[in-house]
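Please treat every number below as a calculation from the coordinates, not as lab data. It should be emphasised that the depicted structure is a prediction, and the values quoted were computed from it without experimental measurement. Cβ atoms come from the backbone with ideal geometry, glycine included; neighbour counts cover every protein chain shown.
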Amino acid sequence: MADRDIRRIIGFDFGHGETSVSRLTATASQPTVLEITPGRRVITTAVGIAPGGVSVIGDEALRRSDVTDLSVAFKKANLKDRAVSRPTGTFVDAVIRQLENNGEPVDEHTLVVFGHPSGWSEDDVANYEKVLSEIVRPAATLVMPESRAAFLTIVEEAGSDLNQATLGERVVIIDIGSSTTDFTLAIESETSNALDDDGNAALGGALIEEFLLERAIDSQRLLKRRRIRRIMERHPSERARALIEFRHRKEVFFTGERFEPGETAGLLAAVALMADGPIDLTYRITARDLDDSLNSPLPALGGASWLSRYESDLKDVASRVERPSKVILAGGASRMEPTLTVAKAVFPTAEVVRASQPEHAVSLGLARAGAIHRRALGFRTSVAAMIDDNVIGSVVNDAVPDLIRIYTDWYTHEAYELALRLIGQWRSGNIDTLAEVSRKLSDELSVHLGGEQAQTRFYEYLQPWHTQLSTTVGGLIKEVSARYDIPYKLVKNLIVEAKFEHTMFPEAKGAQVLGQGGAVLAFGAFGVTFLTGLAIGSLILPGAGTIIGGVVGFLVGALAGAETEEAFLNRNIPVPSRAKFTDELVRQRMRESRVAFAKQVRVSTDEFLSESTTAGVANRRKLVSGMVRQIEESLTNAAMAVETLIR
């Protein structure tokens, strides 16, 4: 979605069986469910053409006898099929026009958020968004999983904060729609349709009204029954009208909490079939009929009953999901009390919740998701502006001197420790000559610096520097977070990442090191690897052998006699003669040369990153821009992590 002045968000739950629409304005804290057609906040997903080419939607399209080209329950992934794309376009456009007639503008300041089933492929979703964006233009468009929208509604209704704990919960979302029941797993801020299977496609609330309609037809006298079936075979729209009537009657039981097995009082369902001459179909639906609709074998489910199939699918989900913390029921059909009872039995340790308005849970969540998207977009835009204005770059540049100091200490320590180890090997006879010690030190220093232990120590050295830099940057970001109502705690936690795999120096094995040394701010990774790369390449540093110069000089003076220094360094001195140079004596001599070596490292590094020379400015710019780039990436990831709730 392009950056624009969004003043209202429309959550458009375009369902296979029913449609709900909610609105959230820029000044409101909670979304509102909108009336679509007069008196109806939920309408049947149906569209037809009345005389004069006027589009008619909802129950009106089903009731009017002058409507032609009637389409009902047509939401499918295959929008390349004209039988799907044509009614989809007509219906969505008609709903938008109806909203505008109701005083709800859908213009360039509007974001319309549509939902899609979790099981749709990326190509299906992309094509869906493309088609819908053309319909609602000039409004902006966003699409997201319906299950995620339901999750947002439950989080809001429960009064939960949008924080990292909420994002990381293991949640099973059960969206019981008209034609499908989607089982979706939300874990670690990601949704997965891995819990979907082909069988779920048939488990929808529409099967119940199908059962009731068939029972009503079967209750008619033989000749009338045959005539009704003939009309419905010839005119599918007549069957669709009848199904909607039985759906409404069914919902009275559930919303009125009158579903009790064995209850004899019934509700009258009456349908006038107009094609081929009027004929009335009437039937009194009882609670026993509803009980039978849930527990009788259904051909569409391979002989399983609706409730047994629902329970079987939930048990299959439970076998693949380890102890979910929450189970969320959404969708109009979730108002059936048995769906909640079964879910509680299958997931005894989970908190099983149902949206207070399950038929509106998705549209309300879509509106909330649009607000999150808008806030996250504003956050990213403001962060980008701070980077463009060099606000963050200035902070990082000011931190470079301390980084150089830390780097100097680390590099000197590592060279010192390696030199001690090599001289120890010489004293024990594992290395023949001091010349070989010097060569090994030069050859092995780069490998040593790139090793896991040296890198771990580097990260440990950097912790205070990282903490200070993150505090300074965090102060800037906290203001932006507050401006867009994004919890700073979430942003701060998500900035702390460890992703060194794609840095300049992959040998650092950052992921393994962090497992031992603790988390390091991702935006420090470039500084670590940039400077480590300099050390390993020996691009700017004094000769590695300098650090053992004091020891070599002392040994030459003690053992060489009249021999030249070069000859002495290449002579294999007897091991007993080497042994008298104790470890403490060697350390004392090396401490003297270590101070001088550290000064050389610091001077060389300062010169390399000097702001007084052209080359130094270029090098420093590379270092600072690399860290700023990773700050930007980390903050963008943080904003995207907020949006992960809706993706």
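Say the cut-off is 24 Å between C-alpha atoms; which of K76/K344; K75/K250; K250/K326 go over it? Where the Cα-Cα span goes over 24 Å, the pairs concerned are K76/K344; K250/K326. Here the 3J(HN,Hα) profile of region 622-634, calculated from phi with Karplus coefficients 6.51, -1.76 and 1.60 at θ = phi - 60°, is 5, 5, 5, 5, x, 5, 4, 4, 6, 4, 4, 5, 5 Hz, Gly and Pro shown as x.
Converting phi to 3J(HN,Hα) with the Karplus coefficients 6.51, -1.76 and 1.60 and the offset θ = phi - 60°, region 323-339 yields 6, x, 7, 9, 10, 10, 9, 9, x, x, 5, 6, 5, 5, 4, x, 5 Hz in sequence order, with x at every glycine or proline. Residues whose amide H falls under 5 Å from that of A46, counting only those 5 or more places apart or on a different chain, are G58, with hydrogens built in the peptide plane. Of all alpha-carbon pairs in region 1-149, indicate the percentage at a distance above 22 angstrom. For region 1-149, the fraction of Cα-Cα distances above 22 Å is 37 percent. Remark on T25: its backbone amide H falls under 5 Å from those of I9, a criterion applied only to residues 5 or more positions apart or on other chains, H modelled at 1.01 Å from N. Amide hydrogen proximity for G17: with H placed 1.01 Å from N in the peptide plane, the residues at 5 or more positions away or on another chain lying under 5 Å are S178, S179. The convex hull of the Cα atoms of region 264-366, projected and averaged over all directions, covers 9.9 nm². What the phi angles of region 381-391 give under the Karplus curve with 6.51, -1.76 and 1.60, with θ = phi - 60°, is a coupling list of 5, 5, 5, 4, 5, 4, 6, 4, 7, 6, 5 Hz, glycine and proline written as x.
For GluC sites (Glu not before Pro), the sites in region 589-624 that DSSP calls loop and that have at most 12 other Cβ atoms within 10 Å are E611. For a Förster distance of 60 Å, can you work out the FRET efficiency between the beta-carbons of S308 and A26, rounded to the nearest 0.05? That gives a FRET efficiency of 0.80.
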